[in-house]
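Structure first, then comments.
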Amino acid sequence: MSLSVFVARLWLFGVGSCITRLKLKQNRCPSTNPNFPITVSMRRVDANGSFIICKIRTNKNHVTIKQFNNKTIQQSNNITTQSSQQSTPHIKFPSIPKKNSIFAVAKNIMTNPLRITAVSYANTFPFVYGMEHSGILHDYALSLKPPAQCAQSFAAGECNVALIPVGALPALKDYEIITDMCIGAINDVKSVLLVSRLPLNEIKTIGLDMESATSVRLARVLAANLWHIAPTWQQVDVNHFAQHAALDAFVVIGDKAFDIAHHFPYKFDLAAEWKRLTDLPFVFAVWVARPQTDQTLITNLTAALHYGIHHIDEVVAHYAEQSPHISDLKTYLTENINYDFDKKKKLSLQKFLTFVSKI
């Protein structure tokens, strides 16, 4: 069977289902040669419109899965596929059999990798770059999702390492915070905002970004303890804010905040407002893992994350076309986002969770 026929069947059935339908003989697939790497990849969109990338490299045993919204799909030039396999609670790293087809390699990869879920926003670019380009991590699957979905994925057991919005931590079980890296901000973060049609003291209704698990809680904390307002709250898709004319303001997070902010006369940066309340930086997301996760994997992940942070120029060059909303990506990643999970941020996290427990 030719490689093109194999790829066509991948598109029709998805990697998970094709595994049981096709068998390729070693002498018909050049990918068994470790010096001749082949990447199998193609376009696939799931029922929710998520954009998923799956790259299978036969000589590196590496899978990457990314999810974006439909707008990003239209802008992306990547070709993709989708896996239907379920995660396993204990990851055993597969070795690629020397006498095997690319199809068996695909099955081996999709059923046994270290499964990592991270946030699908620009603030995670350095982390993703480090994982994909440092050469430190092997045998892993990376899925990128909005923050709230990252928490849901970890809670459902779909991954064993995740970048979790801190607002979701109280509801999680069986986890531990890992690495000295986080998504944080010392002052203005620029991508987590309350945008309003009215002055702050006149706000009566606020729409909450459905992609958020932390900022929606941060807004409630600020409303009660700093702004001294008691609005009604409604979860909405803030991408369609114009359809919610009855709402005075919106909590908006992520890359889309840069564009949406232009449509409102009043804007309040939630990280800066937290600093005004507590004189502390803010932590939006932390890395967590299952307690049984191999410490070597965590050490390697930490090293890969640091690699990305220390190669910001390469990160910016690599992702510039994927972040059209952000006019100065380097400034955003180096001055607005702060990645060190230091003592002040740990103190801030505890203070925030204490506030959250009272609302």
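Read-outs throughout are calculated quantities, based only on the coordinates presented, and are distinct from any laboratory measurement. All values reported here derive from a predicted model rather than from experimental measurement. Because the Cβ atoms are built from the backbone with ideal geometry, glycine has one as well, and the counts that use them run over all protein chains shown.
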For region 286-302, in residue order, the Karplus 3J(HN,Hα) values (coefficients 6.51, -1.76, 1.60; θ = phi - 60°; whole Hz; Gly and Pro = x) are 10, 7, 10, 8, 5, x, 8, 5, 4, 4, 5, 5, 5, 4, 5, 4, 4
The extension gain from Lys343 to Leu198, computed as 0.36 nm times the residue separation minus the Cα-Cα distance, is 48.5 nm
Counting only residues 5 or more apart in sequence or on a different chain, those whose built amide H sits under 5 Å from that of Thr117 are Ser143, Val161, Ala162, Leu163
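Do any of Lys145/Lys256; Lys275/Lys358; Lys267/Lys345; Lys275/Lys345 go past 21 Å between their Cα atoms, and which? Write out the running numbers ahead of the final one.
Details: Lys145/Lys256 14 Å; Lys275/Lys358 19 Å; Lys267/Lys345 24 Å; Lys275/Lys345 11 Å.
Result: Lys267/Lys345 exceed 21 Å.
Given region 192-282, what percent of its DSSP beta bridges are antiparallel, to the nearest 5? The partial results should precede the final answer.
On the way: 9 of 17 bridges.
Of those bridges, close to 55 percent are antiparallel.
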Ordering 282-291, 220-229 by per-residue average of other C-beta atoms within 10 angstrom, highest first, gives 282-291, 220-229
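Can you classify region 192-282 as rounded, prolate or oblate using the Cα gyration tensor, where a ≥ b ≥ c are the square roots of its eigenvalues, rounded means a/c under 1.5, and otherwise it's prolate if a/b beats b/c and oblate if not? Let's see the in-between values first.
On the way: a/c = 1.58, a/b = 1.30, b/c = 1.22.
The shape class here is prolate.
State the extension gain, in nm to one decimal, for the chain segment bounded by Gln295 and Asp180, taking 0.36 nm per residue of separation less the distance between their alpha-carbons.
My answer for the length gained is 40.0 nm.
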Checked against the positive end of the charge dipole of region 164-238 (+1 on Cβ of Lys and Arg, -1 on Cβ of Asp and Glu, about the Cα centre), the farthest of Met210, Ile186, Thr232 is Thr232
Filtered hits (aspartates and glutamates, Cα-Cα < 18 Å from Lys343, offset >= 8 within chain) -> Glu176, Asp180, Asp279
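Which whole-number percentage describes the relative contact order of region 118-251, with Cα contacts under 8 Å and a sequence gap of 6 or more? Display every interim value, and only then the final one.
Working: 152 pairs, mean separation 33.6, N = 134.
About 25 percent, as a whole number.
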Honestly region 278-359 on the Cα gyration tensor test (a ≥ b ≥ c root eigenvalues; a/c under 1.5 rounded, otherwise a/b vs b/c for prolate or oblate) is just oblate
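Starting from the Cα-Cα distance between Ala320 and Asn225, subtract it from 0.36 nm times their residue separation and give me the gain in nm to one decimal. Could you put the intermediate results ahead of the total?
Values: separation 95, 0.36 × 95 = 34.20 nm, distance 3.81 nm.
Result for the pair: 30.4 nm of gain on full extension.
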For the pair Ala156 and Leu353, the simple spin-label estimate (label points 7 Å beyond Cα toward Cβ) gives in nm 2.5 nm
